[in-house]
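First comes the structure, then the notes that go with it.
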Amino acid sequence: MKTISTIQEFRKWRKGITGSIGFVPTMGALHAGHLSLVEESIATCQNTIVSIYLNPAQFAPGEDLNRYPKTIDADIKKLSSFQVDCVFLPNDSEMYPKEFSTQIQENFLSRVLEGNSRPGFFTGVTTIVAKLFNIIEPTHVFFGEKDAQQLRIVEKIISDLNYPIEVISCSIIREKNGLAMSSRNEYLNNEERIIAAIIQQALQEGKNLIISGERNSKIIRDKIIHTISSEKLLRIDYVSVADSKTLIEISDKIEGDILVSVAVYLGEIRLIDNFSYSVSSRR
Ligand code: PAF
């Protein structure tokens, strides 16, 4: 497994690579969720490249950039037990030289949910993702359903900006108690992990309502809100029942493909989770 930290060296190495190239972009602090993307890339593509770059542009002032877990040696060790061909590890001056002054901004899907609560977040994500696509030149990219809105926005910029890249979405990987895996789970102590698992239970209860035939979005939303609110240490940012493709909130009857997503604070820690459901094909 090659580790490369400059764009120039990467491009030189990339010239010698033939066949399909799977790319897994990460910010490090790798967990089983990331590794499932790596496995999927290895199973799908002839080459797999992973990037580790803690992108400052997607953190607002006051967010957890400085606190974000940095576990580079452990990350490389984890990746070296897979058939990863290259890890790209650029530094800030490589990605954002002093004179850097360009942004890639998606203007529809980015306005709601995470984008509403974290202004500038998705512009930070789309700018770095576009840069990484231009450097890595992958044929396939692997993103987790855990960050469902990010996944849809990446699909949108790939389509809008004509990147010849196929997006492969991968299922959410959960801890034993149901909590969706996230690098931010590192911030939680044991007691908080138990509390945080209520988020997934609430989503499951919402899903069970749909499975049993409930179609009123307000009743589904209220059920989820009620369960999360039963734990006083959890503070809801949003509970959304939206069209899966447009992310437009559904105010009455759910139909077609929907995305049910939540963002919840446990103290300072922001946790997100979701499920997708196809109303027409299942009851
Ligand atoms: O999902 C993430 O870890 C980040 O948003 C990404 C896609 C690596 C861009 O920094």
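The values are calculated or read from the model by the stated rules, or taken from the named source; none is laboratory data. This is a predicted model, so every value here is computed, not measured. When we count neighbours, we look across all protein chains shown, and the Cβ atoms used for this are built from the backbone with ideal geometry, even at glycine.
Among the residues that make up the stretch 172-180, is at least one of them closer than 27 Å to Asp92 by Cα and not β-branched (Val, Ile, Thr)?
The answer is no, given that none of the residues of the stretch 172-180 is closer than 27 Å to Asp92 by Cα and not β-branched (Val, Ile, Thr).
Mind checking whether some residue in the stretch 149-163 is part of a helix (DSSP H, G or I) and over 24 Å from Ile52 (Cα atoms)?
Yes, the conditions are met somewhere in the stretch 149-163.
Can you tell me which of Ala148, Ala130 is more than 22 Å from Asp237 (Cβ to Cβ), within 12 Å of the ligand (Cβ to nearest atom) and either more than 20 Å from the chain's Cα centre (by Cα) or surrounded by 14 or more Cβ atoms within 10 Å (Cβ to Cβ) (or both)?
Ala130
Six or more apart or on different chains, Cβ atoms under 7 Å: show the pairs whose first residue is in the stretch 16-45 and closer than 20 Å to Val154 by Cα and modelled with pLDDT of 95 or more and whose second is of a type in the set (Gly, Ala, Ser) and away from the ligand (no atom under 16 Å from the Cβ).
Cys45/Ser20
State all residues of the stretch 103-129 that are in contact with a Lys or Arg (Cβ under 7 Å, 6 or more places away or on another chain) and assigned to a loop (DSSP other than H, G, I, E, B); if no residue qualifies, say none.
Passing the criteria: only Glu106.
Report, by residue number, each residue of the stretch 105-127 that is farther than 19 Å from Arg235 by Cα and not hydroxyl-bearing (Ser, Thr, Tyr). Give the steps one after another, and end with the answer.
The initial filter retains those residues of the stretch 105-127 that are farther than 19 Å from Arg235 by Cα, namely 105-111, 119-127.
Selection gives Gln105, Glu106, Asn107, Phe108, Leu109, Arg111, Pro119, Gly120, Phe121, Phe122, Gly124, Val125.
Is one or more of the residues making up the stretch 46-60 crowded, with 20+ Cβ neighbours inside 10 Å and in contact with a His (Cβ under 6 Å, 6 or more places away or on another chain)?
no
Under 8 Å between Cβ atoms, at least 6 apart or on separate chains: pull out the pairs that start in the stretch 70-83 with a residue that is more than 13 Å from Ile52 (Cα to Cα) and among the small types (Gly, Ala, Ser) and end on any residue that is at pLDDT 95 or above and surrounded by 14 or more Cβ atoms within 10 Å (Cβ to Cβ).
Filtered contacts from the stretch 70-83: Ser80/Met1.
Conditions: (1) near the ligand (Cβ under 10 Å from one of its atoms); (2) over 14 Å from the mean Cα position of the chain (by Cα). Asn66 meets all but one. Number of the miss?
Status for Asn66: all satisfied but (1).
Return the only residue of Glu99, Glu106 being charged (D, E, K, R), out of contact with any helix residue (DSSP H, G or I) (no Cβ under 9 Å at 6 or more places or on another chain) and more than 29 Å from Leu188 (Cβ to Cβ).
Details: Glu106 fails: out of contact with any helix residue (DSSP H, G or I) (no Cβ under 9 Å at 6 or more places or on another chain).
Answer to the selection: Glu99.
Among the residues of the stretch 39-54, is any part of a helix (DSSP H, G or I) and either within 13 Å of the ligand (Cβ to nearest atom) or closer than 13 Å to Thr26 by Cα (or both)?
Looking through the stretch 39-54, none of the residues is part of a helix (DSSP H, G or I) and either within 13 Å of the ligand (Cβ to nearest atom) or closer than 13 Å to Thr26 by Cα (or both).
Could you say which residue among Ser276, Ser261, Ser280 is surrounded by fewer than 18 Cβ atoms within 10 Å (Cβ to Cβ) and either at pLDDT below 95 or within 16 Å of the ligand (Cβ to nearest atom) (or both)?
Ser280
If a residue has to be within 22 Å of Phe23 (Cα to Cα) and either within 13 Å of the ligand (Cβ to nearest atom) or in contact (Cβ under 8 Å) with a residue 24 or more places away in the chain (or both) to count, how many in the stretch 92-127 make the cut?
Of the residues in the stretch 92-127, 14 are within 22 Å of Phe23 (Cα to Cα) and either within 13 Å of the ligand (Cβ to nearest atom) or in contact (Cβ under 8 Å) with a residue 24 or more places away in the chain (or both).
So, in the stretch 156-174, how many residues would count as being crowded, with 18+ Cβ neighbours inside 10 Å and of a type in the set (Asp, Glu)?
0
Which members of the stretch 166-194 meet the condition of being within 16 Å of the ligand (Cβ to nearest atom), in contact (Cβ under 8 Å) with a residue 40 or more places away in the chain and not polar (S, T, N, Q)?
Within the stretch 166-194, Ile168, Cys170, Ile172, Ile173, Ala180, Met181, Arg184, Glu186, Tyr187 qualify.
Of all residues in the stretch 81-102, which are surrounded by 12 or more Cβ atoms within 10 Å (Cβ to Cβ) and either assigned to a helix (DSSP H, G or I) or of a type in the set (Lys, Arg) (or both)? Working first, answer last.
Initially, the stretch 81-102 is screened for residues surrounded by 12 or more Cβ atoms within 10 Å (Cβ to Cβ), giving 82-90, 92, 94-96, 100.
Within the stretch 81-102, Asp92, Glu94, Met95 qualify.
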